[in-house]
Each structure stands twice: as C-alpha cells, then as structure tokens.
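Engineer: What follows is a structure written as structure tokens; I'll ask about it next.
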Amino acid sequence: MTSEKLTVRRRDERGAVGALVGLLFGAFVVTGLLAWSADVGQVMWERRQTQNAADAAALALAQSCAKNNCVAGADNLPALVNANTVNNALRTHTLERQCKRNTSIGSLPQCTSTPSITALRECPPMPSTLSTLPYVEVRVGANEGGLGIIPNPFSRVNNSPADDSTQQVYSCSRAAWGVPAANSFLAPIAISTCEWRTYSAGGTTYHPAPTGAWPGYGGAGQPPWPLGPTNPNTAGREVVITLHGSGDSSCPSGPSGGDVPGGFGYLDSTGSCNVTTSTTNGTDYWAPVSTGSSAPNSCRSVLADVRDNGPVIDLPVYDCIVNNGSGAVTPSTSCLSGNGSSARYHLAGVARFYLSGYKITGSESRPSRVTGSVPCSGSARCISGWFVSGVLSNPTGGVVAPTPSNPGFGLSVVVPAG
C-alpha cells in the first residue's frame with residue numbers, strides 16, 4: 001500500500017472517530033439533561049405537596065389557637081397534612097415545625113426562626129398590616145426513609161446550611177388570627193356588652209350554628225332547635241332582647257352599655273339599610289344612633305328576608321354612648337352622656353346572632369321559629385334568637401388583634417400571613 005493511500009485511510013478513520021465521539025458526547029449530554037429535568041420535576045412536585053400541606057395546616061392550627069386549643073398537632077393536624085400529600089411505603093410528609101408568636105395561649109413554643117424570601121424552608125416576612133396579630137408557623141417536610149429527596153447538586157434549593165437536611169424538601173406557611181373589626185352591618189340593631197355577656201354567659205355558652213339548607217336546624221345532619229326562652233333569659237336557649245332601654249331589667253342603661261334613651265338600640269342606616277361606621281384612628285369605631293321606637297322603613301323588608309331566608313347576622317356590640325363620639329374611649333369619657341340624634345355608639349366588636357323572630361314596629365313582626373309566637377307585645381320592641389360562635393374567613397371590616405375590651409364576642413378571623 002502506498003503512503004498516499006495510507007494517509008487517506010487514516011484521515012477517514014479520524015473522521016469516523018470524531019463522529020463517534022460527538023455522538024457519544026451528545027448522548028451523555030441528552031441523558032444528563034433528561035436526568036436533570038426529572039430531578040427538577042421531582043423537586044417541584046414535592047414542593048407543591050409540602051406547600052399545600054403547610055398552607056392547610058397553618059390555617060387549621062390558627063383556627064385551633066383562636067379556640068384556645070393552641071397545642072402541637074391540635075385537632076388531628078397530622079391527618080390534615082397526610083390528606084394534602086401523596087404518601088407511600090417509602091415517602092411520607094410530616095410536620096417539622098409548629099410554633100406561635102404574639103400570644104401566650106397554649107403550649108406551642110415561640111417561633112424563633114428568621115423570616116426569609118430566599119430560604120424556601122422559612123416563611124417570608126410578615127405583612128406589616130398583620131404584624132400585631134397573633135400567628136402560627138407550620139413547616140412540612142417530605143421524607144424518604146431518611147434518604148435525601150433532592151440530589152446533592154441541587155440540595156441548595158432550600159438555601160439552608162450544608163448538612164444532610166438540605167436534601168429534604170421543606171415548605172413553611174404562616175396564618176394569623178384576630179377578631180373582626182367593626183365596619184359595616186346589614187342589620188340596623190346594636191346590642192350592649194351587658195346584653196351579650198348576659199345572654200351568652202360571658203361568652204361561654206353558644207348554641208350550635210346552623211348548617212345546610214335554611215333555616216339550618218331540625219333536619220337531617222342539622223343541629224336541633226334550641227329550647228324556648230325563659231324569663232329572665234337563660235344562655236344557651238332562645239333569648240328575647242328588648243330594644244327599648246327601660247323595658248330590659250337585665251341590662252338597664254349604665255356605664256357598661258345600656259340602650260340609649262330615645263335610641264332603643266337602632267343604628268342610623270342608609271336607604272338600603274346598610275350601617276357604616278366611622279373611625280379617626282383606625283381602631284375605635286363609632287356608629288350613629290337612630291332615634292325613635294321603630295326600625296327605619298328601609299330595614300323592615302331586610303329584616304324580614306334575614307329572618308325568613310338567612311343568613312346569620314353580625315350585630316355590633318357597643319360599650320359607650322356619647323354625643324358626637326370619636327377617637328378612643330378613655331377613663332374620663334362619660335359613657336352615659338349620649339342622648340338623642342347626636343348620640344354615637346362606641347363599638348367594642350361584633351357578635352353573630354341567629355334572628356328567629358322580632359317585633360320592630362307596632363305592626364311589623366315575625367313569630368319566633370322556636371315558639372311560634374311573636375317574642376314581645378304592646379309597645380315593646382324586641383328581637384329573638386341566639387348567639388353563635390365561629391370563624392370568619394373574609395370580614396368586611398378587616399381583622400384586629402383581640403383586646404380585653406374586644407375579645408371577639410364569639411367570633412374570630414383567620415387569615416394567611418405568609
């Protein structure tokens with residue numbers, strides 16, 4: 001073979017080797033990219049599961065704390081985590097952290113971790129508008145028999161210290177709770193703190209809230225109707241609240257909040273029967289009084305519809321009556337000085353009330369759903385029903401931290417907080 005032919009063959013071989021090397025290199029790159037995408041997809045799948053579980057667990061734990069059950073695993077919390085994740089013989093999802101802050105209720109430990117936007121295993125910073133509320137944090141982790149789920153090259157996705165735990169997937173969620181702020185109301189009726197304390201035994205006795213189709217009681221899967229009223233009223237039964245101050249011997253006009261003379265517990269409302277309160281400091285809300293012994297004309301059909309078709313109504317609870325009230329109530333405030341059309345109620349909070357019957361004018365009335373009779377007669381004006389407790393998810397007036405003067409009156413609000 002001549003040297004010229006040998007040179008040509010070697011050149012051909014070099015071309016074949018180059019093509020083979022390029023093919024193998026491309027195959028390795030494609031295989032690596034496929035493995036990478038599979039690993040990233042696995043991480044994202046786990047991230048969605050742990051975040052969903054953490055969000056659900058945080059809201060549930062905040063609800064438990066709002067009911068003074070602020071303990072680890074409250075109300076079967078681990079089962080809720082499992083219900084929001086896919087588990088098998090190898091992979092499980094567990095609660096890695098449960099803590100609280102801005103509250104001393106219960107035995108949960110205080111949260112000590114630093115919020116972070118980049119560290120995905122930590123909750124983000126608290127929104128400034130919710131910073132004063134009590135809250136809980138929950139962290140959920142994915143575990144696979146003690147082995148890392150995130151491959152080592154990507155373990156820093158959690159942006160945490162370089163240890164074995166960085167190979168696990170964690171998600172954090174925070175939820176806060178408080179009490180509804182007094183803002184706007186459907187019914188034009190206000191009750192005093194004295195009436196609420198008397199007819200709910202100081203917030204310790206409530207009838208179960210209605211469920212299912214209205215009227216919400218007495219049907220399959222629904223709670224029973226409460227017992228009829230007594231004289232004087234008994235907490236836990238149907239109660240009759242008189243709106244005429246002099247007719248209510250249980251709660252006469254006084255510093256704790258009696259019905260204003262000439263006001264009879266009615267609020268001044270708009271033509272659509274909505275009552276809007278005012279505030280000058282974002283904390284203390286005041287509502288104008290409507291004088292007279294009968295409900296405003298625009299509210300009569302509204303109350304009839306509420307009684308006949310629902311829903312449970314929010315009643316403003318007041319603790320002070322002054323003329324042209326505004327700002328905060330102080331020890332020097334004369335809470336007996338309100339009189340006539342210039343009187344203002346200082347609202348302590350909101351209570352939830354099932355309206356079963358009423359008499360709001362000389363001829364406008366609805367019989368009680370429990371007794372079948374109009375709850376009062378003659379010149380008296382009254383409502384009948386019972387207080388219920390519960391958690392509100394979207395209060396029209398927002399949420400504020402509970403205080404001794406506004407303990408929530410049976411209602412609490414739970415909101416996501418990061």
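Engineer: Can you list residues from other chains, or at least 5 along the same chain, whose modelled amide H is less than 5 Å from the amide H of VAL399?
Structural biologist: ALA181
Engineer: Can you give me the long-range amide H partners of ARG352? Hydrogens built in the peptide plane at 1.01 Å from N, cutoff under 5 Å, separation of 5 or more residues or another chain.
Structural biologist: LEU315, VAL388
Engineer: Provide the per-residue ³J(HN,Hα) series for segment 121-133, in order, calculated from phi with Karplus coefficients 6.51, -1.76, 1.60 and θ = phi - 60°, each as a whole number of Hz, with x at glycine and proline positions.
Structural biologist: Computed from phi, the couplings for segment 121-133 are 7, 10, 6, x, x, 5, x, 4, 6, 10, 5, 8, 7 Hz.
Engineer: Where Lys and Arg each count +1 and Asp and Glu each count -1, what net charge lies around LEU133 among other residues with Cβ under 15 Å from its Cβ? It would help to have the intermediate numbers written out before the result.
Structural biologist: Numbers: positive: LYS100, ARG101, ARG174; negative: GLU137.
Residues close to LEU133 contribute a combined charge of +2.
Engineer: Considering amide H positions built from the backbone, and no H for Pro or chain starts, which residues 5 or more places from ASN323, or on another chain, come under 5 Å of its amide H?
Structural biologist: Excluding prolines and chain starts, which carry no amide H, the hits are GLY338, ASN339, ARG344.
Engineer: For segment 55-68, just list the computed ³J(HN,Hα) in residue order, Karplus coefficients 6.51, -1.76 and 1.60, θ = phi - 60°, integers in Hz, with x standing in for Gly and Pro.
Structural biologist: 4, 5, 5, 5, 5, 5, 5, 5, 4, 5, 5, 5, 9, 6
Only the coordinates and a few stated rules stand behind these numbers; no lab work does. For clarity, every value in this text was computed on a predicted model and none was experimentally measured. Note that each Cβ is placed from the backbone with ideal geometry, even for glycine, and that neighbours are counted across all protein chains shown.
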